[in-house]
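Just so it is clear, none of the values below were taken in a lab; they were calculated from the coordinates. Only a predicted model underlies this, so the values are computations on that prediction, with no experimental measurement involved. Heads up, the Cβs are rebuilt from the backbone with ideal geometry, glycines too, and the neighbour counts pull from every protein chain shown.
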Amino acid sequence: MTGLRRLAAGARLVLATHNRGKLREIAALVEPFGIGIVSAGELGLPEPEETEADFAGNARLKATASAQAAQLPALADDSGFCVAALNGAPGVFSARWAGPDKDFEVAMRRVHEQRAGVADERAWFVCVLSLAWPDGVSASFMGRVDGTVAWPPRGTLGFGYDPMFIPLGAAQTYGEMAPAEKHADSHRARAMAQLAASCLPDLEQHRPD
Ligand code: IMP
């Protein structure tokens, strides 16, 4: 069931992710709205298998599973790194390319090796945020940032594929940027801006005088 519902200020929200990098970024984006955050890990919720074929399907699956298990609204992120020379791969398989050890040096090298010799440097990050309620209602929002592939990877900030992505108009990779600079206009921030407009408390109404 798809529907728009707004969280009340002070409501509790489960962040349905076990990825610490995402958790940190989503918490920073949600905190200004005066919402109490609890992570799926803190509640001991299981990590469902991502069985859908696209970002939106997987985000909804994760949010709905956590909302039902916790009986609280839940927010999930499904995101990935897409490379034009690889026809959009790793895409929904971005986490899986890092293998069981979640080694993103391995994943980045695999991207580099598979695109070897192809001149097209375009790449993009996609994020779908899905907010689900315990009764099954959910809403999803997509954000995308375009850029180019960097090799070798640069920077130790951020997570995942950040060191090999330069957003359009920037000189630094996401791995070199201060978190606040990435948050200001990342794929996740773009999805969050849309979600906030429809589903988070209205900051103007709740701002103290
Ligand atoms: P999933 O959404 O749990 O399937 O995982 C998505 C994967 O995409 C993460 O493990 C990261 O490797 C990658 N990813 C998603 N967003 C970002 C980002 O902002 N920076 C770097 N890598 C990301």
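Observations
- Among the residues of the range 110-146, those that are charged (D, E, K, R) and in a helix (DSSP H, G or I) comprise 110, 113.
- Of residues in the range 73-87 being away from the ligand (no atom under 12 Å from the Cβ) and more than 14 Å from residue 150 (Cα to Cα), the one surrounded by the fewest Cβ atoms within 10 Å (Cβ to Cβ): 87
- Answer residue from the range 88-109, given it is charged (D, E, K, R) and either under 19 Å from residue 146 (Cα atoms) or part of a loop (DSSP other than H, G, I, E, B) (or both) and is farthest from the ligand (Cβ to nearest atom) among those: 101
- Residue in the range 44-53 that is touching a residue at least 60 places away in the same chain (Cβ under 8 Å) and acidic (Asp, Glu) present: no
- Exclusive hit being of a type in the set (D, E, K, R) and under 16 Å from residue 65 (Cβ atoms), set 47, 31: 47
- Scanning the range 50-72 for residues that are surrounded by 24 or more Cβ atoms within 10 Å (Cβ to Cβ), of a type outside the set (A, V, I, L, M) and within 17 Å of residue 38 (Cβ to Cβ) returns 62, 66.
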